[in-house]
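**Q** Can you read through this structure? Questions will come right after.
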Amino acid sequence: MKSAAWFGAALAAGTVAAASLIVAPALAAQSLASRVGAVRTGTVLMSFAARPGVCGDGRGSVFTRRDDSADASTDGRWRCIPGPVRVAVGRANGDVVSVREWVGGRFDAGPSDTNLGTVSAPEAARYLLGVARGGAGRSASDAIAAASFADGVDIAPELSALVRDDNVSVASRKQALFWLGQGDAPTSALVALDGVVRSTDLREQFVFVLSQRRDDAALDKLIDVARHDPDHEIRKRAMFWLGQSRSPKAIKFFRDILTG
């Protein structure tokens, strides 16, 4: 016959197990933002899946490739290692003060760091874009880059919204414009920003981002800027990038200028 002590121990174990079943879903239901926000001061680490073609050297350099294979350079000094994306969010007094991202390698976590482990890539991207919208400087720019590496999420609408937001720093808007151009958004989405990017810095970035696209829509817009932009320096930038193109459209543009 089992003793009363045995039944007491079994009851206690069952209570702990039941409590665990309650706590686990509660933790899982917490948003990533709230989990990071729970750390008032310190470093929060997280990892998430990288989109295809993103790889890094594990030391901070990140590359985008046509495939996700890992290659060594000819001299063997580095390897381009595919995902995951690793992010370290520095916090002080409840505010984000730094964001560092890299691909490959591993975390060098300290005893006081909070490691959230692997998190949802789409949720991480949304969180990081929120950091970018509320911040400025290097942290905001790095947050945008890290969000752009995330797999399984289309952040083109959020990037476009950042570019359009006059309350966001110019540096962050330039970064959002760059990664919008590097993603899968159609060139028409970039062209639609022409009337939005007004400052010289943003206009220069706009022209550069268009130059990285090799389709007719981008070339047509570059030619339009080269012909009609009110800023002489921006027209020169557009001409410079057109000069790097071997497109028949670009060649015809310069022929028309010389013979017109």
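No value in this document is a laboratory result; all are computed from the given coordinates. A quick note: this is a predicted structure, and the numbers were derived from the prediction, not measured. Every residue, glycine among them, receives a Cβ derived from its backbone with ideal geometry; neighbour counts consider all protein chains shown.
**Q** In which sequence would SER34, SER245 go, from the one with the fewest C-beta neighbours within 10 Å to the one with the most?
**A** SER34, SER245
**Q** Here is a follow-up. I'd like the FRET efficiency for ILE251 and THR64, computed as 1/(1 + (r/R0)^6) with the beta carbon distance as r and R0 of 35 Å, rounded to 0.05.
**A** So the FRET efficiency works out to roughly 0.75.
**Q** Can you tell me which of 89-102, 175-188 comes out highest on packing, and rank the rest after it, using the mean Cβ neighbours within 10 Å?
**A** Ranking the peptides 89-102, 175-188 by packing returns 175-188, 89-102.
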